Amino acid sequence: MMSSDTFAFIIHPIDPKKDVSRKWPLVGKLLTEGQINYLSRFFPPVYISEITGVRSVATGKTVTGWFIACPFTPKTMLRLPVETVYRKIVACGHKAESLGARLLGLGAYTSVVGDGGVTIAERLALPVTNGDAYTIYMAVEAVREAARQMEIPLAGASAAVVGATGTIAGVCAQILAREVPELVLVGRRQDALNEVRERCEGGAARVTASTDIASIYACDLILTVTSSVSSVIEPEHLKPGAVVCDVARPRDVSVRVAQARPDVLVIEGGMVEVPGPVDFGFDFGFPPGKSYACMAETMALALEGRYEDYSVGKHISLQRVNEIGAIAAKHGFRLSGFRSFERAVTAEQIAHVRERAHAAQTRRASSL
Ligand SMILES: NC(=O)c1ccc[n+]([C@@H]2O[C@H](COP(=O)([O-])OP(=O)(O)OC[C@H]3O[C@@H](n4cnc5c(N)ncnc54)[C@H](OP(=O)(O)O)[C@@H]3O)[C@@H](O)[C@H]2O)c1
């Protein structure tokens, strides 16, 4: 029997041929990327699957959900007038309402576009969340865990936040400023960076701001979350032994880093283990039972019965981040393993990165 506690989550293609093939293998094979992008403008929202088996460890309650695809890629969303994109996302919301959803989660770029969900929430009877609060919570959690596994004590580490003027990155910077002694904020606009720096004051860190991506070379830990559609971090930007947590979708770290830098650890924002025998009914690229943090926020709110606009807009408070962290932990969501360039990262691989970093550092020291 379907639960009366329900949610829907909007996903969208990032890599058009690969992602369209997940639903329609033949279409993905036959059409070119340009053709898919062109045709996607005329496509209605696409029903993807039913999500079952999400069950709270605290209350035993289960929730049912649906994936709905907005057919636009990030590039299409940036190219089209924002009003056209809003209309498509609102149509996805109407589809969610017709399925019986009581909360709508905005995935990846649908949460970035325009005002971050405010207009979407105004136009729908259904409450909306963009998932940013739990994305922030889990991104910092992933940095802490990756640092632990790479044997980098936070109390002695230098950290950087790239895209620091952004919604997610700005709050991540505020949290990290309390935990590390050195923090570099990197962005494109110095005046906006200075405002973020002011919000980071009062923590443990000496905080500096830079518009030059090369300034991350000094850092042990880098959290990157820009809305750039092309890569921002290249192999030459990273020192041996650096840890990079890339929360952006599409990713900020160039695929060249995976090939050229076996001495650095690049992880995606952190996979979340979903409580209960969850079946997503669709392969979005994660191992069974794991989700992105923004999906987990939507599920956790449904388990908590919080059917309200939760994370909307471009300002997320620390209090919201801590609250969703506590709600999600209570129901059994937790950080569970890392992925790097769409592959699981094993403990052996992390040990290998540590060895390569140590060797590179020794080579550098002896050449000085
Ligand atoms: N993994 C997950 O679960 C998850 C969940 C939600 C969102 N996301 C991803 O998180 C990313 C950011 O989301 P957001 O809501 O924080 O977006 P946002 O508030 O729009 O902020 C984006 C930031 O990126 C900066 N930026 C854009 N292009 C850049 C470039 N070429 N170089 C340097 N900085 C650049 C912007 O700088 P300006 O201030 O100068 O414009 C802005 O500060 C997106 O990729 C989104 O898909 C991931």
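Computed from the coordinates by the stated procedures, all read-outs in this text should not be read as laboratory data. Values in this document were obtained by computation on a predicted structure and should not be read as measured data. Here the Cβ positions follow ideal geometry from the backbone for every residue, glycine too, while neighbour counts run over all protein chains shown.
Descriptive notes on the structure:
- Ranked by how many other beta carbons lie within 10 Å on average, peptides 299-305, 258-264, 133-139 from highest: 133-139, 299-305, 258-264
- Among 115-125, 7-17, 78-88, sorting by the average number of other beta carbon atoms lying within 10 angstrom of each residue, highest first, gives 7-17, 115-125, 78-88.
- DSSP beta bridge pairing in the range 186-290, given as percent antiparallel to the nearest 5: 10 percent
- Annotation: the residues W24, W66, sorted from fewest to most other C-beta atoms within 10 Å of their own C-beta, follow the order W24, W66.
- Relative to the longest principal axis of the Cα atoms of the chain, the long axis of helix 132-149 lies at roughly 40 degrees.
- Counting charges near H358 (Lys, Arg +1; Asp, Glu -1) among other residues having Cβ under 13 Å from its Cβ returns a value of +2.
- Rounded Å value of the spacing that divides the Cα centres of the range 166-187 and the range 263-321: 21 Å
- Inter-label distance, nm, simple model (7 Å from Cα along the C-beta direction), R199/L99: 3.2 nm
- Greater than 30 Å apart at Cα, pairs in K61/K95; K239/K314; K239/K330; K29/K61; K29/K239: K239/K314; K239/K330; K29/K61; K29/K239
- In this simple spin-label approximation, L39 and A258 carry label points 7 Å from Cα along the Cα→Cβ vector, and these lie 2.7 nm apart.
- Descending semi-axes in Å of the chain, equivalent ellipsoid built from Cα gyration tensor: 33, 22, 21
- Highest mean packing comes first when the peptides 205-218, 343-356 are listed by Cβ atoms within 10 Å, giving 205-218, 343-356.
- Sequence of I324, I175 once ranked by neighbouring C-beta atoms within 10 Å, starting from the fewest: I175, I324
- If only the Cβ of Lys and Arg carry +1 and only the Cβ of Asp and Glu carry -1, the dipole of the chain around its Cα centre is close to 620 debye.
- Of M150, M295, M271, the one that fluctuates the most in a GNM where the chain has Cα springs shorter than 10 Å: M150
- Per-residue ellipticity at 222 nm from helix content only, as computed over the chain with -39500 (n - 2.57) for each DSSP H run of at least four residues, stands at -12000 deg cm²/dmol.
- Three-way shape label, the range 156-256, alpha-carbon gyration tensor, a/c 1.5: oblate
- With K and R counted +1 and D and E -1, the other residues having a Cβ less than 13 Å from that of V196 yield a net charge of +1.
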